[in-house]
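*Asks:* Structure provided below as structure tokens; questions to follow.
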There are 2 protein chains.
Amino acid sequence: MARDAILLTPGPLTTTERTKRAMLRDWGSWDSSFIAVTAELRRQLLAIVHGEESHVVVPLQGSGTFAVEAAVATIVPKSGHVLVLDNGAYCKRLGRLATLMGRRTTILGRAEDVPVSADELDAALRADASITHVGFIHCETGTGVLNPMQAVADACARHGKGLIVDAMSSFAALPIDAREVRFDALVAASGKCLEGVPGMGFVFVRNDVIDGAAGNSHSLAMDLHDQHVYMERTGQWRFTPPTHVVAALAEAVRQFVEEGGQPARLARYSANCAALVDGMKALGFVPFLAPEIQAPIIVTFHAPADPAYDFKRFYEAVKARGFILYPGKLTQVETFRVGCIGAIGPAEMKEAVAAVAGAMKELGIGSAAPARG
Amino acid sequence: MARDAILLTPGPLTTTERTKRAMLRDWGSWDSSFIAVTAELRRQLLAIVHGEESHVVVPLQGSGTFAVEAAVATIVPKSGHVLVLDNGAYCKRLGRLATLMGRRTTILGRAEDVPVSADELDAALRADASITHVGFIHCETGTGVLNPMQAVADACARHGKGLIVDAMSSFAALPIDAREVRFDALVAASGKCLEGVPGMGFVFVRNDVIDGAAGNSHSLAMDLHDQHVYMERTGQWRFTPPTHVVAALAEAVRQFVEEGGQPARLARYSANCAALVDGMKALGFVPFLAPEIQAPIIVTFHAPADPAYDFKRFYEAVKARGFILYPGKLTQVETFRVGCIGAIGPAEMKEAVAAVAGAMKELGIGSAAPARG
């Protein structure tokens with residue numbers, strides 16, 4: 001193939017050549033030029049959520065999950081009690097990491113094909129006054145479902161509870177305005193809708209919350225309060241930063257701004273998602289979620305019931321045509337997922353649909369209809 | 001300048017163009033081609049310590065400190081007791097992270113300008129039977145002092161204690177043979193003597209130790225047992241890997257092997273260190289450590305007593321000539337540090353000395369002699 005395979009995955013994803021070329025320089029992590037890269041990046045990240053007056057942003061080495069764990073460890077005191085709104089795999093992961101680190105954790109479960117409910121949250125907060133924080137996934141990447149952030153944040157605010165938002169796969173694509181949505185912490189990462197490369201996360205924390213978070217963390221590496229205080233004082237990261245990843249993200253954010261910021265990105269991803277869903281439906285595939293709760297980030301499709309379908313062979317046949325799919329993450333129903341994010345547009349999504357059609361033909365999959373159509 | 005500034009820092013450091021260019025491709029973290037990159041990298045890392053029969057290697061997202069914390073969290077049970085051999089800043093960091101995560105920790109301190117002592121360790125293990133593990137820094141980057149790994153490992157083996165080695169700045173340059181040195185865990189990272197870019201660490205763990213480590217970790221992200229079991233089963237990282245960093249490290253390891261492996265790297269770094277120390281001494285600078293305990297990784301020099309010397313101005317003047325120095329990390333004595341590692345040779349070290357000479361002249365530093373010469 002002349003070009004690299006296009007990643008239809010929810011991060012890592014396809015980045016621009018310009019973003020990758022920003023990694024062709026070595027940076028001294030202590031040097032003023034790298035300190036300036038970090039400072040500018042933090043300024044631009046804060047601006048994306050309109051959080052300049054209310055929040056700080058603390059970057060952290062590692063994957064997005066490291067940043068989620070760090071947010072819980074730093075924000076929730078050891079005596080705290082976290083209620084996790086659960087409608088998918090990433091919600092369960094949040095619950096698991098909170099439990100492991102010794103925070104009291106309660107799971108409020110829902111089916112995977114419906115959004116979490118602010119009304120159920122309201123009732124749960126009414127019923128158990130010991131809950132101090134709510135853990136919430138904005139777009140549950142396990143299925144692609146969009147959860148109601150404003151209503152959940154309003155319920156937390158009414159009850160005076162802290163809110164930790166995992167906005168990993170929504171940040172920079174879906175609108176998030178810290179002036180309207182009250183959150184204690186909101187977590188995202190480099191290799192998602194900002195279209196950087198993976199290797200760092202970042203957490204927006206409300207000013208009064210970060211100031212009161214000293215000593216909460218059981219972990220040195222994941223102590224966002226310590227990272228924040230050190231960075232404010234020196235401009236540096238506490239421990240060796242992933243310098244090339246940081247430089248690539250700074251370059252990716254420049255392109256994000258040039259494109260028109262979050263509204264432009266949402267428009268492109270929405271067009272990607274529409275091109276994908278329309279094309280796949282025309283081939284007979286059935287999306288797992290109802291359209292009104294589908295975020296334009298990643299789409300789960302039912303696997304075809306046709307006996308000629310086998311995910312691994314299907315994946316390889318689509319890959320041979322230049323596109324990388326993503327496996328499903330549901331236990332009850334066989335599915336696969338296709339990401340709509342990355343440095344691609346509707347033209348590439350149409351090519352992806354054509355690749356799927358070609359793979360079906362090659363493998364002799366006569367019908368894309370699922371078992372329970 | 002025609003070329004980028006050369007980093008005389010202990011990681012991030014100067015990498016080859018070939019290593020950086022390996023980051024010009026996006027990888028699907030679930031894809032077989034990336035699984036193959038990870039598998040090959042793990043095989044080659046194990047071979048460097050001759051650990052194929054005795055150990056596994058578990059990579060981890062984040063900086064080296066994340067991997068050190070993960071090693072302690074995974075290897076030391078919650079009821080364990082860690083004795084930390086302390087002769088510098090990174091020893092203290094190990095002690096601090098073990099304490100924070102709730103492991104009982106005892107510090108056995110020594111001066112910063114002498115190696116830790118296996119005899120003192122022996123006496124300490126004799127005196128306190130509750131100690132279960134010893135934490136040890138091979139080359140303490142705070143000063144550059146080489147600590148006696150074989151003698152420390154032998155003492156631990158005699159007493160039946162576990163040993164966790166932070167080999168961050170020695171791995172791949174100094175000889176480490178798992179067939180001769182008995183360790184439970186040994187930690188290093190991508191952006192050090194393998195000359196990759198920063199963003200991931202890796203931990204060698206003895207087979208019986210990793211098998212017994214389930215459930216020790218208080219942290220989901222840092223659970224090396226969980227990471228290991230998942231990787232053995234699927235070939236994948238549990239959470240999003242820093243794909244570009246991994247690809248760069250794989251490319252860096254290929255060059256390491258081509259160069260002649262650890263002996264060749266040690267020879268080059270030793271030549272770098274000799275060129276640096278000889279040149280700096282000729283300018284009147286005095287190394288902080290005695291030559292026989294100086295590792296050829298990073299050299300600490302006393303700051304000149306000359307009133308015209310100011311580290312920040314000195315740093316900027318050397319940087320203007322194309323070389324990035326590193327600040328000292330001692331509280332008692334004013335120093336600065338110069339790394340000998342990275343994709344550079346003695347020619348670059350001589351240029352660095354010339355840059356220091358030029359900076360002295362520009363700033364009017366008449367003498368490099370320290371206060372207490």
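*Asks:* For the stretch B:248-262: of the residues being among the small types (Gly, Ala, Ser) and in contact (Cβ under 8 Å) with a residue 12 or more places away in the chain, which is surrounded by the fewest Cβ atoms within 10 Å (Cβ to Cβ)?
*Replies:* Residue satisfying both the conditions and the ranking: B:GLY261.
*Asks:* Being of a type outside the set (D, E, K, R) and touching a Pro at 6+ places or on another chain (Cβ under 7 Å): is that true of B:SER54 here?
*Replies:* no
*Asks:* Can we say B:THR74 is among the polar types (S, T, N, Q) and over 30 Å from B:GLY215 (Cβ atoms)?
*Replies:* Criteria not met by B:THR74.
*Asks:* If only one of B:VAL197, B:VAL229, B:VAL209, B:VAL245 is more than 12 Å from chain A (Cβ to nearest Cβ) and touching a residue at least 40 places away in the same chain (Cβ under 8 Å), which one is it?
*Replies:* Selected residue: B:VAL209, the only one of B:VAL197, B:VAL229, B:VAL209, B:VAL245 that is more than 12 Å from chain A (Cβ to nearest Cβ) and touching a residue at least 40 places away in the same chain (Cβ under 8 Å).
*Asks:* Would you call B:ASP4 touching an Asp or Glu at 6+ places or on another chain (Cβ under 7 Å) and at pLDDT below 95?
*Replies:* Judged against the criteria, B:ASP4 is a match.
*Asks:* Looking at the stretch A:263-297, which of its residues are over 15 Å from A:THR335 (Cβ atoms) and β-branched (Val, Ile, Thr)?
*Replies:* Within the stretch A:263-297, A:ILE293, A:ILE297 qualify.
*Asks:* Taking B:ARG238 as meeting all but one of (1) part of a helix (DSSP H, G or I); (2) surrounded by fewer than 22 Cβ atoms within 10 Å (Cβ to Cβ), write down the number of the exception.
*Replies:* Status for B:ARG238: all satisfied but (1).
Residues checked against (1) hydroxyl-bearing (Ser, Thr, Tyr); (2) free of Cβ contacts under 8 Å to residues at least 12 places away in the same chain; (3) open to solvent by less than 70 Å² (accessible area, probe 1.4 Å):
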{"position": "B:TYR309", "(1), (2), (3)": "yes, no, yes"}
{"position": "B:LYS329", "(1), (2), (3)": "no, no, no"}
{"position": "B:GLU334", "(1), (2), (3)": "no, no, no"}
{"position": "B:GLY342", "(1), (2), (3)": "no, no, yes"}
{"position": "B:GLU351", "(1), (2), (3)": "no, no, no"}
{"position": "B:ALA355", "(1), (2), (3)": "no, no, yes"}
{"position": "B:GLU362", "(1), (2), (3)": "no, no, no"}
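*Asks:* Let me ask another. Does B:ARG337 meet the test of being in a strand (DSSP E or B) and either of a type in the set (A, V, I, L, M) or under 23 Å from the mean Cα position of the chain (by Cα) (or both)?
*Replies:* Taking the combined requirement at face value, the residue satisfies it.
*Asks:* Any idea which of B:GLU140, B:GLU120 is surrounded by 23 or more Cβ atoms within 10 Å (Cβ to Cβ) and either under 18 Å from B:ALA157 (Cβ atoms) or out of contact with any Leu (no Cβ under 6 Å at 6 or more places or on another chain) (or both)?
*Replies:* B:GLU140
*Asks:* Suppose we filter the stretch A:207-227 for residues that are open to solvent by less than 10 Å² (accessible area, probe 1.4 Å) and of a type in the set (Gly, Ala, Ser); how many remain?
*Replies:* Total meeting the criteria: 4.
*Asks:* Let me ask something else. With the requirement that a residue be open to solvent by 20 Å² or more (accessible area, probe 1.4 Å) and touching a residue at least 60 places away in the same chain (Cβ under 8 Å), what does the stretch A:297-307 give you?
*Replies:* A:HIS302, A:ALA305, A:ASP306
*Asks:* Quick check on my filter: what residues within the stretch B:143-154 are in contact with a helix residue (DSSP H, G or I) (Cβ under 7 Å, 6 or more places away or on another chain) and crowded, with 24+ Cβ neighbours inside 10 Å?
*Replies:* B:VAL145, B:VAL152
*Asks:* Which condition number does A:GLY191 fail, the rest of (1) within 14 Å of chain B (Cβ to nearest Cβ); (2) open to solvent by 10 Å² or more (accessible area, probe 1.4 Å) being met?
*Replies:* The one condition A:GLY191 does not meet is (2).
*Asks:* Let me ask you something else. So is B:VAL353 in a helix (DSSP H, G or I) and within 24 Å of B:GLU195 (Cα to Cα) or not?
*Replies:* When the stated conditions are applied, B:VAL353 passes them.
Residue-by-condition table, conditions (1) in the same structural domain as A:ALA89 (by TED's automatic domain parsing); (2) within 22 Å of A:LEU13 (Cβ to Cβ); (3) among the basic types (Lys, Arg); (4) under 19 Å from the mean Cα position of the chain (by Cα):
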{"position": "A:ARG313", "(1), (2), (3), (4)": "no, no, yes, no"}
{"position": "A:VAL333", "(1), (2), (3), (4)": "no, no, no, no"}
{"position": "A:ALA343", "(1), (2), (3), (4)": "no, yes, no, yes"}
{"position": "A:MET349", "(1), (2), (3), (4)": "no, yes, no, no"}
{"position": "A:PRO370", "(1), (2), (3), (4)": "no, no, no, no"}
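*Asks:* Please state which of the following conditions B:TYR315 fails to meet, knowing it meets all the rest: (1) within 12 Å of chain A (Cβ to nearest Cβ); (2) assigned to a loop (DSSP other than H, G, I, E, B); (3) open to solvent by less than 30 Å² (accessible area, probe 1.4 Å).
*Replies:* (2)
*Asks:* Could you list, in sequence order, all residues of the stretch B:263-292 that are open to solvent by less than 30 Å² (accessible area, probe 1.4 Å) and closer than 27 Å to B:MET149 by Cβ?
*Replies:* B:ALA264, B:ARG265, B:TYR269, B:ASN272, B:CYS273, B:ALA275, B:LEU276, B:VAL277, B:PRO287, B:LEU289
The values are calculated or read from the model by the stated rules, or taken from the named source; none is laboratory data. Computed from a predicted structure; not experimentally measured. Cβ sites come from the backbone with ideal geometry, for glycine too, and all protein chains shown count toward neighbours. Protein only, heavy atoms only, side chains kept; ligands, DNA and RNA dropped before computing areas. Shrake-Rupley method; radii C 1.70, N 1.55, O 1.52, S 1.80 Å.
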